[in-house]
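Each remark here refers to the structure printed beneath this line.
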Amino acid sequence: MDDTLMRHEAPLTAEEWARLDELVVQVARKMLVGRRFLPLCGPLGAGVQTVALDTYAWSKGCIHYEGAGPCTHEACAADCEPVSLTGRRHLALPLLHKDFSLSWRDIATARQSGIPLDLFPAGGAAAAVAVAEDELIFYGSETHGLPGLLTAAGQKVSLADWGKPEAAFKNVAAAREVLLKGGFYGPYALVLSTDLYATVQRIMPNTGRLEVQFLGDLATAGVFQAPVLSPRTGLLLSVGPENVDLVVAQDLITAYLGPDHMNHLFRVLESLVLRVKQPGAICLLKVQEG
C-alpha cells in the first residue's frame, strides 16, 4: 500500500509520518458522527471499487408439525415461502479526499533547528474529509446515485414543537413505535441537528434529569448531534448490519503526491459507501412541508 501511496518518496522521517497519521486519525475521530453508531464492513482494501446491495422478499414465520419443508396448509402456505433474493445492484465506493501542502522551508527549518515540523495542514485536510464523510452518510449523493440515511429513510414522523415540555420525548417515542410496528426492534440510535440537541439539554419537570437522558432510555445505542444536519432535523435508526452498514474499502490514510513548486503535496483520502438494506429501519423526524 505504501508503494501505491508513495509515502516512501516523501521528505518525512518515520517519526514525522507517525505524528501525521496520529493527527489525522485524532481529528477525524473527534468529528465523525456516522461511524459512532453504524456497523462497519471492512476495510476491504483500496482495490475494491463496488459492493453489492441486495434486496430480499420475506414474510412471517410459519408453524407446522412435520419440522421440514414448507407448510402445505392453505392458511399458512404464503408465510412459509423462503426468504429469497429479489434484486441486486452494485454501489460504487467513491474516493473522499483533501489535499494539503507542506513548505520546503518549514521542513528545512525542522531539520536544522530540531523543532518538530508543524503538521497543522494535515489536520485541516482530515477535518474536511470527515465532514465530507458525514455528508455522504446522511445525504448520500444524487449525482452518483448513492443513498444517504435521510434520503433513504422509509419512515417519516412529523417533527413536533420541541420547545414545549416533554414534546421531544413524546415525538421520539412515536417514531420508535413506528419502527416497532414495522418489525424493527432496535437497539435504536437517535441523531439530531445541533439546534434540536441543544433544546433537549434541559431538566424535565419534576424529575431532576435532563430530557436528553430520557431520550437515551429510548435510544439505547446513543443520542448524537450531527453538525451536517440542517436545522430541525433528526432521525431514529434501528441499528444493525441487517438494516444498514458502512462499507469501507480504504480507511482514512495520507498519501504523498509529490513536489509542487519546491513544496510538497499530500492527500488525505478514504473510500467508503453507505449501504441501506432496510429503508424501513430509518425514521426521519422533520417538519412536513405543505
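The values are calculated or read from the model by the stated rules, or taken from the named source; none is laboratory data. All values derive from a computational prediction rather than experimental measurement. Here the Cβ positions follow ideal geometry from the backbone for every residue, glycine too, while neighbour counts run over all protein chains shown. Surface accessibility is based on the protein's heavy atoms, side chains included, excluding ligands, DNA and RNA. Shrake-Rupley method; radii C 1.70, N 1.55, O 1.52, S 1.80 Å.
In a fully extended conformation the segment linking Ala167 and Ala108 would gain 15.3 nm over its present Cα-Cα distance, using 0.36 nm per residue. Check each of the chymotrypsin sites (Phe, Trp or Tyr not before Pro) in segment 152-217 and keep only those in coil by DSSP with at most 13 other C-beta atoms within 10 angstrom; list them in order. The qualifying sites are Tyr185. Of all the options Thr207, Thr194, Thr151, the one that moves most in a Gaussian network model of the chain with Cα springs shorter than 10 angstrom is Thr207. Among the trypsin sites (Lys or Arg not before Pro) in segment 136-210, those located in a DSSP loop and surrounded by at most 14 other Cβ atoms within 10 Å of their own Cβ are Arg202, Arg209. Among Gln49, Gln112, Gln155, the largest mean-square fluctuation in a Gaussian network model of the chain (Cα springs under 10 Å) belongs to Gln112.
Rounding to the nearest 10 and keeping the result within 0 to 90°, find how far the Cα-based axis of helix 167-181 lies from the longest principal axis of the chain. The angle comes out at about 70 degrees. To the nearest 10, the accessible area of Glu15 is 130 Å² with a 1.4 Å probe.
Return the label of the correct value of Rg and Dmax of the Cα atoms in Å, as calculated from the structure shown, out of (1) 18.1, 55; (2) 23.8, 85; (3) 19.2, 59. Only one option fits the structure, namely (2). The ellipsoid that matches the Cα gyration tensor of segment 94-197 has semi-axes, each √(5λ) in whole angstrom, of 45, 18, 11, with the longest given first. Angle, helix 120-139 long axis vs. longest principal axis of the chain, Cα atoms, 0 to 90°, nearest 10? It works out to around 20 degrees.
Which percent of the accessible area of segment 114-230 is formed by carbon and sulfur heavy atoms (probe 1.4 angstrom)? Carbon and sulfur: 56 percent of the exposed surface of segment 114-230. Cα-Cα over 18 Å: which of Lys30/Lys156; Lys30/Lys277; Lys156/Lys286; Lys170/Lys286; Lys98/Lys277? Among Lys30/Lys156; Lys30/Lys277; Lys156/Lys286; Lys170/Lys286; Lys98/Lys277, the Cα-Cα distance tops 18 Å for Lys30/Lys156; Lys30/Lys277; Lys98/Lys277. If you run the Gaussian network model on the chain, springs between alpha carbon atoms under 10 Å, then out of Gly61, Gly123, Gly280 the most flexible one is Gly61.
Solvent-accessible surface of the chain, taken per residue with a 1.4 Å probe and all protein chains present: 53 Å².
At the residue level, Val83 shows approximately 100 square angstrom of accessible surface with a 1.4 angstrom probe and all protein chains present.
Ellipticity at 222 nm from helices only: DSSP H runs of n ≥ 4 in the chain, each -39500 (n - 2.57), divided by the residue count, give -9000 deg cm²/dmol.
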